[in-house]
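Novice: Right, I'll just put the structure down here and ask away after.
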Amino acid sequence: MAWLVTKYLITAAVVVLVSEGAKRSDRLGGLLGALPMVTILALIWLYVEHQPAQKIANHAWYTFWYVLPTLPMFLVFPALLPRLGFWFTLLACALITVACFGLFALAVRRFGIELL
């Protein structure tokens, strides 16, 4: 149980670090948010918990493919924010991301990559 609490605290600290960095500097917050810190932590947790190397490699592989369809959201969000407000923009971007993910999964399936 202590290990699980430790994982939660360290992972939460990463999110707090990004949000605090963003308060001080837009560029710093963007840089910290773009770094794959959560993925790196997940890879570390998997390794420390003695998961097989193939499972760790698969996590990195699928993370790459799942990140790509989220990228349009970061372009759309700044354009929608002044028009829709924060919450509606967030909802719209979530829907856009789901749509992009579905279309992307269909597109890469042709190349033998199964995401769904």
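Novice: Could you please find all residues in region 60-98 being among the small types (Gly, Ala, Ser) and closer than 30 Å to residue 46 by Cα?
Specialist: Scanning region 60-98 gives 60, 94.
Novice: Kindly evaluate residue 78 against the criterion of being closer than 30 Å to residue 2 by Cβ and free of Cβ contacts under 8 Å to residues at least 40 places away in the same chain.
Specialist: So residue 78 does not fit the description; no.
Every number here is computed from the coordinates shown, using simple stated rules; none is lab data. Fair warning: this is a prediction, and the values are worked out from it, not measured in the lab. Cβ atoms come from the backbone with ideal geometry, glycine included; neighbour counts cover every protein chain shown.
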